[in-house]
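Q: I'd like to ask some things about the structure below.
What follows draws every value from the coordinates through simple rules; no lab data is involved. As the structure is a prediction and not an experimental result, all values here were calculated from the model. Heads up, the Cβs are rebuilt from the backbone with ideal geometry, glycines too, and the neighbour counts pull from every protein chain shown.
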Amino acid sequence: MILTTILPAINILWILLIVGTIVIELSTQELDCIWFSAGAFVALILSLVGVESIVIQVVVFLVVSCILLFTIGRWANKVLRNRGIATNIEAAIGQEVVVIKAADHLNYGEGKYAGLIYTLICREGQRVDVGDIAIITEISGNKFYVVKKEEI
């Protein structure tokens with residue numbers, strides 16, 4: 001009751017919407033809800049400066065949220081998702097592996113990379129022998145596709 005005497009109910013609604021959408025955004029990290037927070041903030045500002053029409057506030061909320069979502073939101077998602085940073089084992093592509101069991105296109109071999117043993121396989125017509133240094137060209141499941149270092 002005390003809160004409603006200080007702030008009109010619509011302001012409380014906008015504040016709850018701002019907080020709620022920020023909480024959802026922080027839990028999903030998809031950059032979808034933050035734009036609705038911005039729209040609710042603009043609607044709250046309108047309410048605080050004296051725009052009493054709830055219809056106008058809601059329309060402004062929806063317009064601002066949609067504009068941000070479909071312009072900055074799409075751009076931000078595109079930029080953040082296309083960083084091109086290799087993670088985990090994908091970072092091994094292009095790195096050297098020491099062959100400890102020979103491999104060709106028909107027979108799996110083994111190689112040591114970063115202190116661990118991995119399954120190796122070559123493309124047709126290629127072969128790596130024990131002691132060779134090979135370059136990882138592709139990763140498929142738990143197999144490294146490799147080529148002999150001199151063949152690159």
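Q: Report the equivalent ellipsoid semi-axes for segment 2-81 in whole Å, largest first, defined as the square roots of five times the eigenvalues of the gyration tensor built from alpha carbon atoms.
A: Result for segment 2-81: semi-axes of 26, 15, 7 Å.
Q: With an 8 Å cut-off on Cα pairs and a minimum separation of 6 or more residues, tell me the relative contact order of segment 2-81 in percent.
A: 30
Q: Lysine pairs in the chain with alpha-carbon atoms under 18 Å apart, 8 or more places apart or on different chains: how many are there?
A: 7
Q: Moving on. Grab the beta carbon distance between ILE133 and LEU80, set R0 = 41 Å, and tell me the FRET efficiency rounded to 0.05.
A: 0.65
Q: Among (i) 16.2; (ii) 15.7; (iii) 19.9, which one is Kirkwood radius over Cα pairs in Å computed from these coordinates?
A: Here Kirkwood radius over Cα pairs in Å agrees with entry (iii).
Q: Still on this structure, please answer the following. Once Rh is set to the Kirkwood radius over Cα pairs, what Stokes-Einstein translational diffusion coefficient, in µm²/s, holds for segment 54-120 at a temperature of 4 °C and a viscosity of 1.567 mPa s?
A: Here the translational diffusion coefficient equals 78 µm²/s.
Q: To continue, here is another question. Looking at segment 86-133, which chymotrypsin sites (Phe, Trp or Tyr not before Pro) are in a loop (DSSP not H, G, I, E or B) and have at most 13 other Cβ atoms within 10 Å?
A: Filter output for segment 86-133: TYR108.
Q: From Cα pairs below 8 angstrom and at least 6 apart in sequence, can you work out the relative contact order of the chain, rounded to a whole percent?
A: The value is 14 percent.
Q: Please give me, ordered by residue number, the GluC sites (Glu not before Pro) of segment 110-152 that lie in loop per DSSP and have at most 15 other Cβ atoms within 10 Å.
A: Qualifying residues, ordered by number: GLU124.
Q: While we're looking at this one, here's another question. Would you work out the Kirkwood radius for segment 88-151? I mean one over the mean of 1/r across all pairs of different Cα atoms, in Å.
A: Radius from the Kirkwood sum: 11.0 Å.
Q: Still on this structure, I have one more. From the helices alone, meaning DSSP H stretches of at least four residues, give me the mean residue ellipticity at 222 nm for the chain, per-run term -39500 (n - 2.57), in deg cm²/dmol to the nearest 500.
A: Result for the chain: -13000 deg cm²/dmol, rounded to the nearest 500.
Q: How high is the relative contact order of segment 102-147, given as a whole-number percent (alpha carbon pairs under 8 Å, six or more residues apart)?
A: Here the relative contact order equals 35 percent.
Q: What longest region of the chain stays clear of trypsin sites (Lys or Arg not before Pro) that DSSP places outside H, G, I, E and B and that have at most 13 other Cβ atoms within 10 Å?
A: The longest uninterrupted stretch comes out as 1-82.
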